[in-house]
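Worksheet: the structure to be examined is printed underneath.
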Amino acid sequence: MLPRNLCPLIKSSYGFALTDTCPFFAFSDLIIGETTCDGKKKMFEIMQELKPVHVMQLPHQKSPFSFDLWVEEIRRLRSRIEEALEVTIDDDDIWKAIDLVNREKQLLKEICDLNQMSPPPMSGIDLLTVTWSGGFSHDKEELIQMLEALKNKLASMKIEPEVAQKPRVLLTGCPVGLGSEKVIRLVDELGATVVAMENCTGYKSLELRAERNNDDPIVALAEKYLNIPCSCMSPNPYRMELLGRMIDDFSADAVIDLTWQACHTYNIESYEVKKQVKEKGLPFLHLESDYSSSDEESLKVRIEAMLEMTKK
Amino acid sequence: MITIGLDIGSVASKGVLLSPDKKFSIVIPTGWSPRDAGEKILAALLLQAGIERRKVDCILVTGYGRVSFNGAFRTVTEISCHARGVADLCPEARTIIDIGGQDSKVISINEKGKVLDFAMNDKCAAGTGRFLQIMANTLGMDVGELAAFEDPSATVGINSMCTVFAESEIVGLLARGSPKGGIIAGLHQSVGKRVATMARRLGVKEKIVFTGGVALNAGVRRALEEELKSRVFVPEECQFTGALGAALLAAES
């Protein structure tokens, strides 16, 4: 149904829905989508054949007009949820949810920041498991407790001192999940560590909070979400600023920009990312791949060669 | 000190033995078993040099078969090895174009042979030795003969990048009566264009050195020079730069 050379993330999310292999999709009454890219936007149209889908029209620039539009989009979502689930959502409910998510994100950031240490307490796969798995937890209070326990455990964990010798890789680009972790796994296997991930499944939005100093929680949410440095935003200076800071904070030795096939905005923005990384004097590798394992050998040579560049 | 560098490629395996006063080099087809090819070439090198294996201080292996060879002291990617080998043969080199059996790569290096940046072809055969080999088959020729038969004055442009589609395109051209020499020149141009695009994206600095098995083909070199509008140098030992680099890195480790 979808074109073969579409981004694998879009194909995979639609595939999960179509083949009824995602329990979250099966149990849901309403699917909420957004227009971060053209591929998703059009896929959501087709997905409506399977379930009711509500698509939020995300503006792609930060301007007063865009902001007003985005505020309206969030209000529209609120009504749609109230209608579809026969509930009422008042401002206080939203503030409570905001507080909860802020606590979760703060903790997650503190855990990710532990990898600024040398040796880092988490391998790339550990880091991915932590940041990715939280998305599947519907009980945020329970999740926060688990994150709290994990943070304390990691902070006091004894790490082999040799781990400090490993090259430290910063990963940026498209979202990565368990199932599409091949590049992170290859980096680990080749004797290096992905110490941080500046992507949607990593650090990208962890600094952003909906702030209580607004009167209207919807406006607070709009501010937060419009600030996310997704490559669909044009221009997207905050991503470069964040990357620059993360390179320093996590003492990165090299940067890998992993983009999925046919993800035009991330693929094109790789040009800016390369400039930013080169300015810092670090080796940079742009990998364009998909969810299959067919290119693992050639990815390996590229990653290994980049790691060799960090040594001399 | 005696060191050996082995470069086990997809089509050919290359070996270089460095002793304090001499250099030996050998190339054989890899065949289906990269491990056997590595063993074979090691034995041949030792025989040629008249040296026992236990006298060898370090064996460093590179190329896609580097992981399947058991006797390696170390493995290093072909990117670092080519850089080291070319820096030894040609210290003025700043850009390396290496075209092998299944890969083409462009490497930027500094005066010490340190890799500054690199780019490699995608997972398809376009712009590699494999592309030329399959086209040679279609034309009923050996890949080694292509350069001698090309006619750049009658170049027939080949539009398909995909090896399978290019094959059909050639079948069509032959049916239409296009001259073979012109088609061959077009094939060289196609490889040249593909690799030059990759090089320009990385940034081309002189001196440009062309290595790998495909560097033996003067037609591809001509095409690269035309595309890059710059001289492209092919060292006599163009096929051995990876193995030489490996042997040199072995001596330095």
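Which of the residues that make up segment A:222-269 are outside any helix (DSSP H, G or I) and of a type in the set (D, E, K, R)? Within segment A:222-269, A:ASP253, A:ASP257 qualify.
Taking into account only those residues within segment A:131-181 that are among the small types (Gly, Ala, Ser) and more than 20 Å from the chain's Cα centre (by Cα), which is modelled with the highest pLDDT?
A:ALA149
Applying a threshold of 7 Å to beta carbon distances and a minimum spacing of six or more residues, or different chains, the list of pairs starting in segment A:227-241 at a residue that is of a type in the set (Gly, Ala, Ser) and ending at one that is assigned to a loop (DSSP other than H, G, I, E, B) reads A:SER234/A:HIS60; A:SER234/A:GLN61.
The single residue among B:ARG66, B:ARG54 that is more than 14 Å from B:ALA246 (Cα to Cα) and basic (Lys, Arg) turns out to be B:ARG54. Evaluation of A:PHE250 against the conditions (1) hydrophobic (A, V, I, L, M, F, W, C); (2) modelled with pLDDT of 95 or more; (3) surrounded by fewer than 22 Cβ atoms within 10 Å (Cβ to Cβ) shows that the sole unmet condition is (3). Among residues of segment A:33-62 that are of a type in the set (D, E, K, R), those with a Cβ under 7 angstrom from a residue that is modelled with pLDDT of 95 or more and in a helix (DSSP H, G or I), sequence gap 6+ or separate chain, pair up as A:LYS40/A:ILE10; A:LYS62/A:LEU226. Whether a residue is in contact (Cβ under 8 Å) with a residue 12 or more places away in the chain, crowded, with 19+ Cβ neighbours inside 10 Å and over 26 Å from B:VAL56 (Cβ atoms) was assessed, and B:ALA185 passes this test. Among residues of segment A:153-181 that are outside the structural domain of A:ILE111 (by TED's automatic domain parsing), none has a beta-carbon under 7 Å from a residue that is of a type in the set (Ser, Thr, Tyr) at least six positions away or on a different chain.
Annotation: of all residues in segment A:59-111 being among the basic types (Lys, Arg) and modelled with pLDDT of 95 or more, the one that is nearest to A:LEU208 (Cα to Cα) is A:LYS105.
Condition check for B:MET141 on (1) in a loop (DSSP other than H, G, I, E, B); (2) surrounded by 15 or more Cβ atoms within 10 Å (Cβ to Cβ); (3) within 14 Å of chain A (Cβ to nearest Cβ): one failure, at (3). The set of residues from segment A:277-305 being assigned to a helix (DSSP H, G or I) and more than 8 Å from chain B (Cβ to nearest Cβ) comprises A:VAL277, A:LYS278, A:GLU279, A:GLU296, A:LEU299, A:LYS300, A:ILE303.
Scanning segment B:25-55 for residues that are without any contact (Cβ under 8 Å) to a residue 60 or more places away in the chain, within 30 Å of B:PHE131 (Cα to Cα), hydrophobic (A, V, I, L, M, F, W, C) and not in a helix (DSSP H, G or I) gives B:ILE26, B:ILE28, B:TRP32.
The values are calculated or read from the model by the stated rules, or taken from the named source; none is laboratory data. Model, not experiment: these values are computed from the prediction. Neighbour counts are summed over all protein chains in view; Cβ atoms, including those assigned to glycine, are modelled from backbone coordinates with ideal geometry.
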